[in-house]
Amino acid sequence: MASMRDIKRRKESVQSTQQITKAMKLVATVKLQKARSKAESNKPYFNMLYDTICSILAKTKNVEHRYLRDNDCEKKAVIVITSNRGLAGGYNNNIVKLVANSGFEPDKTNIYAIGKKGIEGLVRKGYSITDDRSEVVNEPIFADAISLTKELLTQFSKGEIGEIYIAYTNFKNTVTQEPKLVKLLPLSEEDFDTEAVDNKTFMNFEPSEEEVLDKVIPKYMSNIIFGALLEAVASENGARMQAMDSATSNAEDMIDSLSLKYNRARQSAITQELTEIIAGADAIS
C-alpha cells in the first residue's frame, strides 16, 4: 500500500489538474458561444448564393462552364481544417481518418492544411503538405477564404488540379460534431437541390449564364470555406468543452478514491500506533 505522503501528493496533483480542466472548460464555453454566433450569422448569405446557383442550373440546361466540367487532371486538392491545439477528444483524429479513408492517394493529393494537428496526422499517413495556413484557424476572416479560393481556382483553371474538396467538422450541438467531406469543384447539378426551384418562373440572365456563374461560383466557394472555418472553430471548442468536462469528472472520481485510500491509510497508521502503545504498556507492567 502506498504511504500517506504519496497518496496526499497524488491527491494534490489531481486537484491541480482538475482546476486546469475546469478553467479550460470555461474558456472553451465562452469561445463556443462566440463561434456559434458567427456561424449562424453567415448562413443567410450562403443560402442566397446556393439558391442562385440552383436557379441557374435548373433553368438553363447544358451550360458550358469551366467550373462545371472535368479537366482530366488526376491531381486532387483537399482543404483540411483541424486545430492548432490538442485536448479536444477525437476532434482532430476524426478528420485525419476521414481524409485517409476517402480514397485520396498521397502521391495524387495536394493537402491545403489549416491546423497543425491535421498536418501532424496526415504526414504520419504519408501525405505531403502543399500549403500550411494553420494561423487562419485562430481567428478566421472572410479574406482568408477569398485568398485560398483564388489560388485553388487558378490551379483548377490551368489544369494543375482536377477536383477540389474540403474536410471539416460540422457543428450540430455541444455533444455532436460531424466530420464532413464536401466536393467544391467541379460542380454538377447533382450537388444542388434543383428540384425545389420553381421551373415555371421565367428568368433572364444579364449578361449571360456563363458570366453570372463566373462571379457567383467563386463567391459560393469562398463562403463554403469561410463557413467551414466557422463551423470547425465551433466544433473544436465544443469538443474541447466536452473533453474537459469529462476530465474534470474523472478527476473528481480520482480525488474521492484517493481520499478513501488516505483515510484508510491514516486509520491503519493510528491503529498501528495504538497497538504499539498497548503492547509497550503491557511489557512495562
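The values are calculated or read from the model by the stated rules, or taken from the named source; none is laboratory data. Being a predicted model, the structure only gives us computed values, none of them experimental. Please note: Cβ atoms are built from the backbone with ideal geometry, for glycine as well, and neighbour counts cover all protein chains shown.
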| request: Would you please list the contacts, defined by Cβ atoms under 7 Å and residues six or more apart or on different chains, that run from a residue in region 52-71 that is more than 22 Å from L153 (Cα to Cα) to a residue that is modelled with pLDDT under 70? | output: S55/V197; S55/M203; A58/T194; A58/V197; A58/N199; K59/N199; K59/M203
| note | Contact list, first residue from region 26-39 and more than 17 Å from I224 (Cα to Cα), second anywhere and among the charged types (D, E, K, R), beta-carbon distance below 8 Å, six or more apart or interchain, is A28/R240
| Residue list for region 172-229, restricted to those being at pLDDT 75 or above, in a loop (DSSP other than H, G, I, E, B) and of a type outside the set (S, T, Y) | K172, N173, V175, P186, L187
| request: Report whether or not P140 is touching a Phe, Trp or Tyr at 6+ places or on another chain (Cβ under 8 Å), farther than 17 Å from N223 by Cβ and of a type outside the set (A, V, I, L, M). | output: no
| Answer residue from region 1-35, given it is of a type in the set (S, T, Y) and over 30 Å from P140 (Cα atoms) and is surrounded by the most Cβ atoms within 10 Å (Cβ to Cβ) among those | T17
| query | Looking at region 81-98, which of its residues are modelled with pLDDT under 95 and among the hydrophobic types (A, V, I, L, M, F, W, C)? | reply | L87, A88
| query | Which of the residues that make up region 229-282 are within 13 Å of V14 (Cβ to Cβ), in contact with a Lys or Arg (Cβ under 7 Å, 6 or more places away or on another chain) and not polar (S, T, N, Q)? | reply | I255, L258, Y262
| Subset tally (residues that are within 18 Å of the chain's Cα centre (by Cα), of a type in the set (S, T, N, Q) and loosely packed, with under 15 Cβ neighbours inside 10 Å) for region 105-164 | 1
| Pick from region 247-267 the residues that are in contact (Cβ under 8 Å) with a residue 24 or more places away in the chain and of a type in the set (S, T, N, Q): which of them is farthest from N92 (Cα to Cα)? | S259
| Out of D282, D245, D253, sole residue that is more than 30 Å from K34 (Cβ to Cβ) and either of a type in the set (F, W, Y) or modelled with pLDDT of 85 or more (or both) | D253
| Total residues in region 81-92, condition farther than 11 Å from P179 by Cα and either outside the structural domain of G162 (by TED's automatic domain parsing) or touching a helix residue (DSSP H, G or I) at 6+ places or on another chain (Cβ under 7 Å) (or both) | 6
